[in-house]
Amino acid sequence: MKNKFLKNKKGFTLIETMVAVFILSVALVSLLTLISNTIFYAKYAENEIIANYLMQEVVDSIKNERSSNILSPNPSSWEDFVNKFEECNNANGCRIDAKVGSSSITPCVSNDDNVCESLIYHENPYNGSFYNYDNSDSNGKNSGFVRKIIISSNDHEMKMEVTVFWKSGLTNNEVSLNASVLDWLK
């Protein structure tokens, strides 16, 4: 009679339970890996968008300065405009702080980490820009983005190569933008 009682009893065996736990574990690990990768790629995309903004900001700043010069009552010559950026005419490049109202130009000094200083990020627009080199504000923090500008010119064209570097985990990333400014008076 005891044998009949055991045959009618339904339930999971130890092997069935282990298989179910294994399948659940594989599904959970796959889901967590997918979530982790999604977060990583979302952060990478965010950083790439910021890097593209930082590149375009400098190009627009230089083009705006050229346009303002041409439209001023006493425009300076093309040579004077180009000479303003002569510190950017080398392999180390320069940094241009594209603040509203003025853009300061500083040569980059080559060192082991990178060739220019990191931009400072400000929660609220500081001097017209979220990203600049002014670290006098106690709310500013190192952004991790480094912007390098190399400028070369000829008689009627100024070529710019803007590169932004940043680090994501252990990976070094960079994006570059090439643009030209032409002498409108020629």
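Neighbours of Arg95 by Cβ distance under 11 Å: Lys/Arg scored +1, Asp/Glu scored -1, total -1.
Axis angle, to the nearest 10 degrees, between helix 14-71 and the longest C-alpha principal axis of the chain: 10 degrees. For the listed peptides 76-88, 28-40, 140-152, 166-178, a ranking on the average number of other beta carbons within 10 Å per residue, highest first, reads 140-152, 76-88, 166-178, 28-40.
Two numbers describe the Cα atoms of the chain: Rg and Dmax, which are 28.5, 113 Å.
Coordinate-derived values only; no laboratory data. Just so you know, these numbers come straight off a predicted model, no measurement behind them. Neighbour counts run over all protein chains shown; Cβ positions are idealised from the backbone, glycine included.
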